[in-house]
1. Given (1) touching a helix residue (DSSP H, G or I) at 6+ places or on another chain (Cβ under 9 Å); (2) outside any loop (DSSP other than H, G, I, E, B); (3) under 24 Å from residue 260 (Cα atoms), identify the lone condition not met by residue 369.
2. Taking the stated definitions as given, is residue 271 more than 25 Å from residue 407 (Cα to Cα), under 27 Å from the mean Cα position of the chain (by Cα) and surrounded by 16 or more Cβ atoms within 10 Å (Cβ to Cβ)?
3. Restricted to the stretch 31-45, and to residues that are closer than 15 Å to residue 7 by Cβ and part of a loop (DSSP other than H, G, I, E, B), which residue is nearest to ligand 3 (Cβ to nearest atom)?
4. Could you look through the stretch 26-43, keep only residues that are surrounded by fewer than 24 Cβ atoms within 10 Å (Cβ to Cβ) and at pLDDT 95 or above, and pick out the one that is nearest to ligand 1 (Cβ to nearest atom)?
5. Could you say which residue among 419, 327 is within 16 Å of ligand 2 (Cβ to nearest atom) and part of a strand (DSSP E or B)?
6. Looking at (1) more than 19 Å from residue 411 (Cβ to Cβ); (2) within 10 Å of ligand 2 (Cβ to nearest atom); (3) surrounded by fewer than 24 Cβ atoms within 10 Å (Cβ to Cβ), which one does residue 53 not meet, given that it meets all the others?
7. Output yes when any residue across the stretch 3-10 is part of a loop (DSSP other than H, G, I, E, B) and either more than 11 Å from ligand 2 (Cβ to nearest atom) or modelled with pLDDT of 95 or more (or both), and no when none is.
8. Confirm whether residue 41 is touching a strand residue (DSSP E or B) at 6+ places or on another chain (Cβ under 6 Å), in contact (Cβ under 8 Å) with a residue 60 or more places away in the chain, more than 9 Å from ligand 2 (Cβ to nearest atom) and under 19 Å from residue 414 (Cα atoms).
Ligand code: GDP
Ligand code: IMO
Ligand code: MG
């Protein structure tokens, strides 16, 4: 029987998952998103075109792929509709390529307002949320108040919506947040009608049938493992399980059906929003990484924080996810650097450690290993033998440190700038 392979981000998100899934989708008949929602922004470049996907799996641009929005996802019908219309404008019949899980939870207009109100109430300790309503929607799911995609087909949907909205209004009043929901609500209900035009499925039966029909599924993670609700730098995390185990709960597939786990990382690090980032650079080098890597949020446009590769954090996320293959992205961004660094240990309270500490607020001083820069343009390399020796040394060290092979290298944003090793 075929397996569920998983692609996920090993850092703080924006590793390049969209690009990799689009590339791999050429050899997978089914692509599935299993968690997160429109807080994600997955960029894809091919044939001179650029798309940024939010909730729709990055397999939609490959003909003959089925794309699933799984039950672990939280769906904003308005963003979903905008996304679909963008894809349709590119001449793609999205309805024939996409199915949506009935058990996925809906993001209401008031969830977005609650996100804004709750962030504002946190003041200086804010998470730096994308404010798409992710946290409040998962809160309602866990508190057993949520509305699900399948509910839109039931006759009392409007009444249930209004009842949840009233609960939210009460919470917003307590937070002194004034709002006018009428306009957003009209657009939301229009988008609900649009959502009804898609095939709504029981994802657990659907995915089981795919595997039994000999169709391998590629699960596409959103965010990154360091933003996982359980294993990330809590509370500076997102509200879902971004790790491999999330693919099982988010698609209704048993753990024994997981095959390869592709862990994606950038050759350096970035983070958007608040929270610890031990290797963060506040100097000209950090600025250069941001400029060369064009490190600005695909969703919010916020400048991303930048820093050197953190192998301590990476080893931790490789462990949690059971990564079988590593995919290294954006190495080309380091092409001009004289020296490249990677953290191999942390110093915490005067002691060295190779583990990520429990204390999110711990003062961490990274211990670096330095590498000679390769000082060569690798963006047009198409095979291993065209890569500079110093770059191969950097990869070799990473593989040895993590104990997992790097099997794919990305040397530019385009679909074709990909080297299989
Ligand atoms: P995702 O959220 O993990 O899908 O990543 P994003 O799309 O948010 O951010 C990754 C950015 O890096 C996008 O703008 C990609 O087009 C770009 N990108 C992906 N791979 C590479 C690469 O190998 N080199 C360069 N220079 N850019 C890349
Ligand atoms: P992709 O899938 C990077 C970050 C936010 C914030 C925290 C919580 O494109 O890699 P939320 O909106 O979930 O309440 O925000 O998580 N964050 C991301 N950072 N990439 C993402 O997605 C992110 N999704 C959320 O910046 O710090
Ligand atoms: Mg992104």
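1. (3) is the only condition that residue 369 fails.
2. Working: more than 25 Å from residue 407 (Cα to Cα): no; under 27 Å from the mean Cα position of the chain (by Cα): yes; surrounded by 16 or more Cβ atoms within 10 Å (Cβ to Cβ): yes.
Criteria not met by residue 271.
3. 40
4. To start, the set of residues in the stretch 26-43 that are surrounded by fewer than 24 Cβ atoms within 10 Å (Cβ to Cβ) comprises 26-29, 41, 43.
Cutting the leftovers down to at pLDDT 95 or above gives us 28-29, 41, 43.
Numbers: 28: 17, 29: 21, 41: 5, 43: 3 Å.
Applying the filter and picking the extreme gives 43.
5. 327
6. (3)
7. There is at least one residue in the stretch 3-10 that is part of a loop (DSSP other than H, G, I, E, B) and either more than 11 Å from ligand 2 (Cβ to nearest atom) or modelled with pLDDT of 95 or more (or both).
8. no
The values are calculated or read from the model by the stated rules, or taken from the named source; none is laboratory data. On a predicted model such as this, the values are computed, not experimentally measured, just so you know. Positions of Cβ are generated from backbone atoms using ideal geometry, with glycine treated the same way; all protein chains shown enter the neighbour counts.
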